[in-house]
Amino acid sequence: MRQYLLSVYQPDGDAPPPQVLDPIMADLAALAEEMKAAGAWVFAVGLHPASTATVVRDRDDQVLLTDGPFTEGKEHLGGFTVINAPDLDAALAWGARMARASTLPVEVRPVA
């Protein structure tokens, strides 16, 4: 089994209202339970908005701190799940189910 990172990208801005977000969160919780039952789930985390990020750089032995995300865009990494899967096809199948449940794009990438 390999591990895969399923990264969920969400649009910048406020979260959807509860009548939209609550069913999505329920679908994601059900998917997480299915992953656990299948032995695929390793862990998952959600992240605070990209505006809370701080980028740390080393320049000539000086630490430089920059407020905000590393890249600017209309979407940001909202959270991720690490799974065990026998191959990329199986990981992509979980990624597709996560994209359907979250209604957001999901990037699937093998962990090195």
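The values are calculated or read from the model by the stated rules, or taken from the named source; none is laboratory data. No experiment lies behind these values; they were computed from the predicted model shown. FYI the Cβ positions are ideal-geometry reconstructions off the backbone, even for glycines, and counts take in every protein chain you see. Remember, those area values only see protein heavy atoms, side chains included, never the ligands or the DNA or RNA. Shrake-Rupley method; radii C 1.70, N 1.55, O 1.52, S 1.80 Å.
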TODO: Would you check if Met98 is over 12 Å from Val8 (Cα atoms) and either loosely packed, with under 11 Cβ neighbours inside 10 Å or touching a strand residue (DSSP E or B) at 6+ places or on another chain (Cβ under 7 Å) (or both)?
DONE: no
Task: Test set (1) at positive phi; (2) over 17 Å from the mean Cα position of the chain (by Cα) - Gly13 fails condition number - done: (2)
TODO: Can you give me the number of residues within segment 63-91 that are of a type outside the set (Val, Ile, Thr), more than 14 Å from the chain's Cα centre (by Cα) and open to solvent by 40 Å² or more (accessible area, probe 1.4 Å)?
DONE: 13
TODO: Count, please, the residues in segment 100-112 that happen to be closer than 9 Å to Leu6 by Cβ and either without any contact (Cβ under 8 Å) to a residue 12 or more places away in the chain or charged (D, E, K, R) (or both).
DONE: 2
- [ ] Could you tell me whether any residue of segment 73-93 is outside any strand (DSSP E or B) and among the acidic types (Asp, Glu)?
- [x] yes
